[in-house]
1. Just give me the residues in the stretch 62-86 being touching a Leu at 6+ places or on another chain (Cβ under 8 Å), modelled with pLDDT under 95 and aliphatic (A, V, I, L, M), in sequence order.
2. Whether any residue in the stretch 12-29 is closer than 23 Å to residue 75 by Cα, in contact with a helix residue (DSSP H, G or I) (Cβ under 6 Å, 6 or more places away or on another chain) and in a strand (DSSP E or B) is what I want to check.
3. Which residues, taken from the stretch 12-35, are of a type in the set (A, V, I, L, M, F, W, C) and at pLDDT below 95?
4. Hey, could you check the stretch 1-10 for residues that are of a type in the set (A, V, I, L, M) and modelled with pLDDT of 95 or more and say which is surrounded by the fewest Cβ atoms within 10 Å (Cβ to Cβ)?
5. Report, ordered by the first and then the second residue, all pairs with beta carbons closer than 9 Å, sequence separation of six or more or different chains, a first member in the stretch 23-36 that is under 26 Å from residue 65 (Cα atoms) and of a type in the set (Phe, Trp, Tyr), and a second member that is in a strand (DSSP E or B) and modelled with pLDDT of 95 or more.
6. Considering (1) assigned to a helix (DSSP H, G or I); (2) touching a residue at least 12 places away in the same chain (Cβ under 8 Å); (3) under 19 Å from residue 85 (Cβ atoms), say which one residue 69 fails and leave the rest.
7. Taking the criterion of being hydroxyl-bearing (Ser, Thr, Tyr) and surrounded by 14 or more Cβ atoms within 10 Å (Cβ to Cβ), would at least one residue in the stretch 73-88 satisfy it?
8. Can you report the number of residues in the stretch 1-11 which are over 14 Å from residue 51 (Cβ atoms) and either small (Gly, Ala, Ser) or not in a loop (DSSP other than H, G, I, E, B) (or both)?
Amino acid sequence: MKGKICVVTGANSGIGFYTALALLKKGAHLVMVCRNAEKAEAARQELIQKSGNAQITVFLADLGNMADTKKLGQALISRFPVLDVLVNNAGLLSKG
């Protein structure tokens, strides 16, 4: 995975966090997609500490919001010429 660009949605907790950690340990450049900036930054720091790999880029987006999703897509395209891996881990918890 060394040098690969890997996007993980919901990378600040749970399965997304541990998927991100595994990719970082294999040398990937991680692109974290999270909704909350504070949680994303805390997870980024922990991922760096646990993996020894600081190749992390954070994008903020609420994937339940189509405008955010479109902006995220445009930002990814403009920043990275190629995305090697996409892990769609973001979920929705609906009360009702």
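The values are calculated or read from the model by the stated rules, or taken from the named source; none is laboratory data. This structure is a prediction, so every number in the text was calculated from the model and none was measured. All Cβ positions, even for glycine, are placed from backbone atoms using ideal geometry, and neighbour counts span all protein chains on display.
1. Kept after step one, since they are touching a Leu at 6+ places or on another chain (Cβ under 8 Å), are these residues of the stretch 62-86: 63-64, 69, 72, 76, 83, 85.
Checking the rest, the ones that are also modelled with pLDDT under 95 come to 63-64, 69.
Matches in the stretch 62-86: 63 only.
2. Scanning the stretch 12-29, I find no residue that is closer than 23 Å to residue 75 by Cα, in contact with a helix residue (DSSP H, G or I) (Cβ under 6 Å, 6 or more places away or on another chain) and in a strand (DSSP E or B), so the answer is no.
3. Filtering the stretch 12-35 down to residues of a type in the set (A, V, I, L, M, F, W, C) leaves 15, 17, 20-24, 28, 30-34.
Across the stretch 12-35, the qualifying residue is only 15.
4. Taking the stretch 1-10 and keeping what is of a type in the set (A, V, I, L, M), we get 1, 5, 7-8.
Now restrict to residues that are modelled with pLDDT of 95 or more: 5, 7-8.
Details: 5: 20, 7: 24, 8: 28.
Applying the filter and picking the extreme gives 5.
5. Filtered contacts from the stretch 23-36: no entries.
6. Among (1) assigned to a helix (DSSP H, G or I); (2) touching a residue at least 12 places away in the same chain (Cβ under 8 Å); (3) under 19 Å from residue 85 (Cβ atoms), residue 69 violates only (2).
7. Going residue by residue through the stretch 73-88, those that are hydroxyl-bearing (Ser, Thr, Tyr) are 78.
Next cut, surrounded by 14 or more Cβ atoms within 10 Å (Cβ to Cβ) only: none.
Within the stretch 73-88, not a single residue is hydroxyl-bearing (Ser, Thr, Tyr) and surrounded by 14 or more Cβ atoms within 10 Å (Cβ to Cβ).
8. Taking the stretch 1-11 first, the residues over 14 Å from residue 51 (Cβ atoms) are 3-5, 7, 9-10.
Restricting the remaining residues to those that are either small (Gly, Ala, Ser) or not in a loop (DSSP other than H, G, I, E, B) (or both) gives 3, 5, 7, 9-10.
So the answer is 5.
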